[in-house]
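Data block below; observations after.
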Amino acid sequence: MHTIPLERLSGCTDGTTIWLDTHLTTTERRCTLTHELVHITRGHTGHQPPAVEAAVREETARLLVPWAALHASRGAQLEIWHLVQELGVTPGCLGRPLHSVRSLYESSVSD
């Protein structure tokens, strides 16, 4: 893994090497590195189509966001800021799992 100034990207990979932007925070670096590692484990090289990126983001979130922590917070009026701080992820990484938990909670409340 190398850190270099990247324009418009947090990170990228060629399938063997990962480059991360030098300006990332520790949390951003953690999420971006995991995202790029998912690309490598899937055998991706270079730019991927939007559907592939969405699947990689979803897997990254599953790896970094503990389902139990989100489930425990269901129904609470927690701000995203508090959750990302507690879980050590970026808002973008938290987005998908949080949406899933909210959907499950709302459907269980309406039943």
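Within the full protein context, the accessible area of residue 18 is estimated at about 10 Å² for a probe radius of 1.4 Å. Decide, for region 4-65, between rounded, prolate and oblate: order the square roots of the alpha carbon gyration tensor eigenvalues as a ≥ b ≥ c, take rounded if a/c falls under 1.5, and otherwise choose prolate if a/b is larger than b/c, else oblate. Judged from the Cα gyration tensor, region 4-65 comes out oblate (a/c at least 1.5, b/c at or above a/b). Our estimate of slack between residue 23 and residue 51, defined as 0.36 nm per intervening residue step minus the Cα-Cα distance, is 7.4 nm. Computed from the Cβ-Cβ distance with R0 of 25 Å, the FRET efficiency linking residue 63 to residue 4 stands at 0.55.
The values are calculated or read from the model by the stated rules, or taken from the named source; none is laboratory data. Predicted model, so just to flag it, every value in this text is computed and none were measured. We place every Cβ from the backbone using ideal geometry, glycine too, and count neighbours over all the protein chains shown. Ligands, DNA and RNA are stripped out before the accessible areas are found, and what is left, the full protein with its side chains, is counted by its heavy atoms. Shrake-Rupley method; radii C 1.70, N 1.55, O 1.52, S 1.80 Å.
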